[in-house]
Amino acid sequence: MNESSSSKASQSTIIDISNLCLTFETQTEPVHALSDINLQVNSGDFLSFIGPSGCGKTTLLRASMKGWEWATNNSDAAADIVLEYDMTGAQTEKHQRRMMGEINKLTANGGKLNVDDYQRTVDTLLGSDSDPVINKEPVGAWTHEVWDAAFGS
C-alpha cells in the first residue's frame, strides 16, 4: 500500500449514506427521485455534486438534511447508531453523546452556518497566545451560495 492510500485508509468516515432511496407519490405514478444512493466521505475529502438540472443534486442534499434533523431530534439514538457501527471501538458512549450535542449546535439553524459562531471559532483559533491553531483568518472558507440555491435564503 503506498503512502497516499495508507493515509486515506486511516481517515475517519464522516458521512456514510447507504442505499438511500426517495420516491414521491404522484396522482398518476410514483417518481423515483433517488435510487440506491451510496456515498462515503472521509475526513479531509473534498466533495461536490455536479450534474444537469433535475438529476437529483438538491434532492440528495435535502434528504441528507432530513437525516441530520432526525439525529438532532433523537440524539441518544443517533449516538447509539454511531457506536454500533464503530468497528474500531475508539468511540466511547460519553464522547459520542457529547459529539451529538456539538452536531446539534452546528445544525441548530437547519444546518446553515451561523456566521457569528464561525467568527467566534476563527477568533478562538487565532487567539491562542502560545501556539495558535491558525495564523491568519481563512478566506473563502465558506459560503451560503449552495445553501441558498438549495433551500432559499
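For the pair Ser18/Glu84, report the inter-label distance in nm, with labels modelled 7 Å from Cα in the Cβ direction. So the label points at Ser18 and Glu84 sit 1.0 nm apart.
Output the pairs from Lys112/Lys136; Lys57/Lys94; Lys105/Lys136 with a Cα-Cα distance over 31 Å in this structure; if there are none, say none. Check vs 31 Å cut-off fails for Lys57/Lys94.
Between His95 and Glu145, the modelled labels are 3.7 nm apart [label points 7 Å from Cα along Cα→Cβ]. Across all directions, the shadow cast by the convex hull of the range 10-153 built on its C-alpha atoms averages 11.8 square nanometres. Multiplying the residue separation of Gln27 and Asp123 by 0.36 nm and subtracting their alpha-carbon distance yields 29.3 nm. Pairs of C-alpha atoms in the range 40-97 farther apart than 16 Å represent 61 percent of all such pairs. In a fully extended conformation the segment linking Asp45 and Ala77 would gain 8.8 nm over its present Cα-Cα distance, using 0.36 nm per residue.
Every read-out reported here was derived from the displayed coordinates using simple, explicitly stated rules and does not represent laboratory data. None of these values were measured; they are calculated from a predicted model. With ideal geometry, Cβ positions are generated from the backbone for all residues, glycine too; neighbour counts draw on all protein chains shown.
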